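Have a look at the structure below before the remarks.
The values are calculated or read from the model by the stated rules, or taken from the named source; none is laboratory data. Since the structure is predicted, the reported quantities are computational estimates derived from the model, not experimental observations. Virtual Cβ from ideal backbone geometry, glycine too; neighbours counted across all protein chains shown.
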Amino acid sequence: MDAYLVAILTTAAVYVILALALNIQFGLTGLMNFGVVGFYGVGAYTSGIMTETLGQPILLGMLAAIVVGGLAGGLVSLLSIRLSGDFLAIVTLGFAETMRLAFNNEDWLTRGPRGFLIMTRPVIDGLGRGATAWFILGVFVLAAIIVFVVLNRLAGSPFGRVLRAIREDDLVPATLGKNVLAYRLQAFVLGSAAMALAGSLYAHYVQTITPDNFTTQVAVLVWMSLIVGGAGNMKGAVVGALVVTAIYEGTRFLAPLMEFLTPTQVSALRFIIIGTLLIVVVRYRPEGLLPERIAPRSRPDPVPAAG
Amino acid sequence: MKPVRIEVDGLTKKLGGVAVVNNVSFQVDAGQIMGLIGPNGAGKTTMFNLISGVLRPDAGKLRVNGRDVTGLPPYKLARHGIVRSFQLSRELDRMSVLDNVLLAAADHPGEHMANALFRPFAVRRAEAKLTEKAREMLALVALTPHEAKPAGTLSGGQKKLLELARALMAGADTILLDEIAAGVAPHLVEEIIEIVQKLNRDLGKTFLIIEHNVGFIRALTSRVVVMAAGELLAEGSFDHVSRNPAVIDSYLGQAA
Ligand SMILES: Nc1ncnc2c1ncn2[C@@H]1O[C@H](COP(=O)(O)OP(=O)(O)O)[C@@H](O)[C@H]1O
Ligand SMILES: [Mg+2]
């Protein structure tokens, strides 16, 4: 039971990072990234290739994942030049599918459907089984905290205010002198890099990655996390990811209780439960569990009049 | 002779196959308050869209301070010192009134990602200073009590005032106001007239103003250009053009 809890929390940390990353893209800037899983997968494979194929230390693997994820984000941005609306949604969807096919078919690099074996783990030597699991959880939570601190600081800054303005009506910041395209690009690259970091962590945790790990299902969970938690609010993204992962992972318990259902049916049932939660939240709290704050964040008091 | 701030030189824009602005030329001198008047559908707002870079002209040239800026995107025109308000106010609904104004600050160090991440104290200091300035702008347009509200909850007239506060906050040397007084309470219209005069007199700001309110135009502008059906109809002082038969016919006749 203890091990099970640690496993759920470890997975949750990965989803927290993904939800935070999507929050800077969609929640703050309004960028429709339907290809979350593509950047996640790119990070996972990049990191695996660095540590296993090239024999580099794990920190370099993570760094490479972040850089390649960011570059992929930049490339996708430039492909959908203005980074706006439906066009971006379609390009990102295409990107994720292309990546999945690449993972599947570029055998020489990814070992294809047989799976890519990753021996390197984010642990120190000499720990027991239980301690290792806790250590990995600690590393993941630390990573999630760093991502949270960075993105939360940006969200609350004047930089974040420009992103929100772009989300609301991009013509306004544009006519006030803000280079909207450059801001969209930065938000998208930043989010993509964080998604790739999540992929890297995941890869070194599960130790075998196959193209099947990178299907739309992941993206759906991340989107649900953000909508349930509260798009535009970094704390909301964290809460949403925790709630959705807890339900999704927690419902694994259903399988032994419902032996009359096939595993596929149980898996569908888990999505039905999360989907129901989504409907309830959207119906009764359309802004999510923790809605975005509208009142100014920093409200320095007026300077008292002299004399 | 005063330097020319904006030079509109044969600008033409077709929308839906119709020349909504057709070969129009005029200029706005630095430090002038100029009116742009004409009946609904004359192409005045489209002219603002051309001058602010929101639309690219099909023909003609736009020069600001003598530099050719034809076809530049809006953010670059803003950096040439031109800022505009919108006829249908475009407040950022889900942001506070204060944030709407703060967004307009030019050169805010905190709008750069690196500063926002690594220089939080410098950013906070700049933000505090600019917040003070933004509050002054809000006080000018009597929106102080509303600063923490989402801008979407303001009334129509208040939204126009917010547009004005934002344009002032941007600190541009040339301000384009598109029917800023429409739907605003009369005592605030008087207030707007005073603000514009003060900015023009004390800070030398240049204004180009679209307005149907004759009193407003007469009180503020030294010169007006009249547009009708996409064409330039007349140009001169308001009293001068208001005696022009073509202007009376197409515009003032209906207003009176
Ligand atoms: N995007 C557009 N597509 C087609 N026609 C337009 C568009 N925008 C404005 N128009 C037309 O151009 C003309 C001028 O509009 P506008 O510049 O808003 O006039 P004004 O501000 O003087 O009232 C109107 O007849 C309007 O219907
Ligand atoms: Mg108009």
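Go through the residues of region A:168-179 one by one and say whether even a single one is more than 9 Å from every other protein chain (Cβ to nearest Cβ) and modelled with pLDDT of 95 or more.
No, region A:168-179 contains no residue that is more than 9 Å from every other protein chain (Cβ to nearest Cβ) and modelled with pLDDT of 95 or more.
Output the number of residues of region B:123-155 satisfying the condition of being touching a strand residue (DSSP E or B) at 6+ places or on another chain (Cβ under 6 Å) and β-branched (Val, Ile, Thr).
Number of matching residues: 0.
Keeping to region B:79-95, report how many residues are surrounded by 23 or more Cβ atoms within 10 Å (Cβ to Cβ) and either within 16 Å of ligand 1 (Cβ to nearest atom) or among the small types (Gly, Ala, Ser) (or both).
4
Quick one: is residue B:91 charged (D, E, K, R), within 14 Å of chain A (Cβ to nearest Cβ) and under 19 Å from the mean Cα position of the chain (by Cα)? I'd like the intermediate steps shown before the answer.
Numbers: charged (D, E, K, R): yes; within 14 Å of chain A (Cβ to nearest Cβ): yes; under 19 Å from the mean Cα position of the chain (by Cα): yes.
Spelling it out, residue B:91 is indeed charged (D, E, K, R), within 14 Å of chain A (Cβ to nearest Cβ) and under 19 Å from the mean Cα position of the chain (by Cα).
Would you please list the contacts, defined by Cβ atoms under 7 Å and residues six or more apart or on different chains, that run from a residue in region B:60-80 that is under 15 Å from residue B:27 (Cβ atoms) to a residue that is assigned to a helix (DSSP H, G or I)?
B:62/B:50; B:62/B:51; B:69/B:77
Quick one: what pairs do we get from region A:255-277, first residue free of Cβ contacts under 8 Å to residues at least 40 places away in the same chain, second part of a loop (DSSP other than H, G, I, E, B) and surrounded by 13 or more Cβ atoms within 10 Å (Cβ to Cβ), C-beta under 8 Å, 6+ apart or different chains?
Once the first residue is free of Cβ contacts under 8 Å to residues at least 40 places away in the same chain and sits in region A:255-277, its partners that are part of a loop (DSSP other than H, G, I, E, B) and surrounded by 13 or more Cβ atoms within 10 Å (Cβ to Cβ) give A:255/A:261; A:269/A:261.
Of the conditions (1) part of a helix (DSSP H, G or I); (2) in contact with a helix residue (DSSP H, G or I) (Cβ under 7 Å, 6 or more places away or on another chain), residue B:181 satisfies every one except a single condition; which number is it?
Of (1) part of a helix (DSSP H, G or I); (2) in contact with a helix residue (DSSP H, G or I) (Cβ under 7 Å, 6 or more places away or on another chain), only one is false for residue B:181: (1).
Whether any residue in region A:246-256 is of a type in the set (Lys, Arg), touching a helix residue (DSSP H, G or I) at 6+ places or on another chain (Cβ under 7 Å) and either assigned to a helix (DSSP H, G or I) or closer than 30 Å to residue B:108 by Cα (or both) is what I want to check. Lay out the reasoning, then the answer.
Start the filter on region A:246-256 by keeping residues that are of a type in the set (Lys, Arg), which leaves A:252.
Checking the rest, the ones that are also touching a helix residue (DSSP H, G or I) at 6+ places or on another chain (Cβ under 7 Å) come to none.
No; the residues of region A:246-256 include none that is of a type in the set (Lys, Arg), touching a helix residue (DSSP H, G or I) at 6+ places or on another chain (Cβ under 7 Å) and either assigned to a helix (DSSP H, G or I) or closer than 30 Å to residue B:108 by Cα (or both).
Go through region A:140-167 residue by residue and tally those that are more than 14 Å from chain B (Cβ to nearest Cβ) and surrounded by 19 or more Cβ atoms within 10 Å (Cβ to Cβ).
Qualifying residue count, region A:140-167: 3.
Please count how many residues of region B:26-80 are of a type in the set (A, V, I, L, M), away from ligand 2 (no atom under 16 Å from the Cβ) and within 14 Å of chain A (Cβ to nearest Cβ).
So the count comes out to 5.
Name the pairs whose Cβ atoms lie under 9 Å apart, with the first residue in region B:201-222 and in contact (Cβ under 8 Å) with a residue 60 or more places away in the chain, the second among the aromatic types (Phe, Trp, Tyr) and part of a helix (DSSP H, G or I), and 6 or more positions between them or separate chains?
B:208/B:48; B:209/B:216; B:210/B:48; B:217/B:238; B:221/B:238; B:222/B:238
Within region B:110-132, take every residue that is more than 19 Å from residue A:186 (Cβ to Cβ) and not charged (D, E, K, R) and give me the one that is surrounded by the fewest Cβ atoms within 10 Å (Cβ to Cβ).
Checked region B:110-132; the qualifying residue surrounded by the fewest Cβ atoms within 10 Å (Cβ to Cβ) is B:121.
So, in region B:202-230, how many residues would count as being closer than 17 Å to residue B:27 by Cβ and within 16 Å of ligand 1 (Cβ to nearest atom)?
Number satisfying all stated conditions: 7.
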